[in-house]
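Peer 1: Sharing a structure with you now.
We did not get these values from a lab; they are worked out from the coordinates using the rules stated. The structure displayed is predicted, hence computed values, not measured ones. With ideal geometry, Cβ positions are generated from the backbone for all residues, glycine too; neighbour counts draw on all protein chains shown.
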Amino acid sequence: GCVVSGWSSWTDCSATCGGGVSLRRKTVLQEPEPGGLSCFGPLEQHTACNTNSCLP
């Protein structure tokens, strides 16, 4: 069957203020055999970060 890694670390936020995105991924370590169970569940997660407003 499918084998996936654990979650990676969260990436750095894409923005320092005003709302950015950070993400983490799982890596597919072993593809399923033909006809086998496919990889299920999200391989990527996103979260909002640095949502404070950008002060002049």
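Peer 1: Name the single residue, out of those in the stretch 4-38 being assigned to a strand (DSSP E or B) and polar (S, T, N, Q), that is surrounded by the most Cβ atoms within 10 Å (Cβ to Cβ).
Peer 2: SER22
Peer 1: What number of residues within the stretch 39-56 are under 19 Å from the mean Cα position of the chain (by Cα), in a loop (DSSP other than H, G, I, E, B) and either more than 26 Å from SER9 (Cβ to Cβ) or hydrophobic (A, V, I, L, M, F, W, C) (or both)?
Peer 2: 3
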